[in-house]
1. Taking the beta-carbon count within 10 Å as an exposure proxy, list 221, 213 from fewest neighbours to most.
2. What Kirkwood hydrodynamic radius, in Å, does region 87-213 give when the mean of 1/r is taken over all pairs of distinct Cα atoms and then inverted?
3. Calculated from the structure, Cα Rg over 2.2 N^0.38 Å equals which of [x] 1.20; [y] 1.01; [z] 1.14?
4. Among 137, 152, which comes first, second and so on when ranked by fewest other beta-carbon atoms within 10 Å?
5. At a 10 Å Cβ-Cβ cut-off, how would you order 21, 187, 90, fewest neighbours first?
6. Which net charge results for the neighbourhood of residue 62, defined as the other residues with beta-carbon distances under 14 angstrom from its beta-carbon, given Lys and Arg at +1 and Asp and Glu at -1?
7. Per residue of region 3-14, what does 6.51 cos²θ - 1.76 cosθ + 1.60 with θ = phi - 60° give for ³J(HN,Hα)? Whole Hz please, x for Gly and Pro, Karplus curve as stated.
8. What residue among 88, 31, 181 has the largest mean-square fluctuation in a Gaussian network model of the chain, using Cα springs under 10 Å?
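No value in this document is a laboratory result; all are computed from the given coordinates. These numbers come from a predicted model, not from an experiment. Methodologically, a virtual Cβ is constructed for each residue, glycine included, from the backbone with ideal geometry; neighbour enumeration extends over all protein chains shown.
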Amino acid sequence: MTGLIDTSDLTKVYKMGDVDFTALQGVSLAIKKGEFVAVMGPSGSGKSTFMNIIGCLDTPTSGKYLLDKQDVSDLSKNDLAAIRNKKIGFVFQSFNLLSKTSALENVELPLLYNGSPSKIRREQSVSALRLVGLEERKNHRPNQLSGGQQQRVAIARALVNNPSLILADEPTGNLDSQTSIELMTLFKKLNKENNITIVMVTHEADIAAYGDRRIYFKDGRIVKDDKR
């Protein structure tokens with residue numbers, strides 16, 4: 001196992017009353033540092049469960065998951081939260097920004113949680129906003145920004161801790177076509193120029209095409225793995 005993400009025989013079973021529902025059925029996968037991977041599949045295929053596990057938001061019922069060579073398969077909730085804060089940046093479809101705070105303060109949030117001093121918080125947050133081309137909008141609140149700009153703030157927030165991994169869940173779902181292209185061009189640039197590993201869930205083939213690799217889920221299994 002040599003990847004940034006290494007899963008071996010991941011299985012996830014949910015209890016729904018008296019019925020067991022198997023969301024993942026023995027998923028083994030390696031994703032190297034610096035890859036840009038698109039995860040696809042129909043609703044109920046297991047892709048969201050897989051993303052929750054690799055994002056340390058959930059744990060597998062059985063199997064192993066190594067993140068950056070650390071086994072995180074059965075850590076406590078507190079330990080998983082610490083790893084999420086340190087190693088993973090999240091970008092969601094709905095931006096998840098705090099409406100009454102500035103772009104800069106939104107980006108600072110992960111650093112606030114890990115107790116970074118205010119000077120370092122500000123420096124790193126300004127640097128992250130510069131990376132996504134929004135430094136000059138740092139004092140604007142979300143309602144003063146376009147949808148595309150709000151998603152850029154969310155990306156800056158995901159980047160601010162210098163994470164090993166960015167997980168993006170339908171990041172263009174609330175954006176128009178032109179803004180989606182601009183956002184995916186930014187993801188591609190961050191991936192290539194900054195060697196940031198990105199794993200992105202999408203149901204749109206044209207968005208998935210920005211990835212170097214496309215992984216297809218069906219019925220809790222990987223059915224196809226396309227690499228360029």
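1. Details: 221 14, 213 17.
Ascending number of Cβ neighbours within 10 Å: 221, 213.
2. Values: mean 1/r = 0.0691 Å⁻¹.
Averaging 1/r across every pair of different Cα atoms and inverting gives 14.5 Å.
3. [y]
4. In order of increasing Cβ crowding within 10 Å: 137, 152.
5. On the way: 21 12, 187 22, 90 19.
The most exposed by this proxy come first: 21, 90, 187.
6. After counting each charged neighbour, the total is -3.
7. The phi angles translate into x, 5, 10, 10, 10, 10, 6, 5, 10, 9, 10, 9 Hz.
8. Evaluated over the chain, the most mobile residue of the options is 181.
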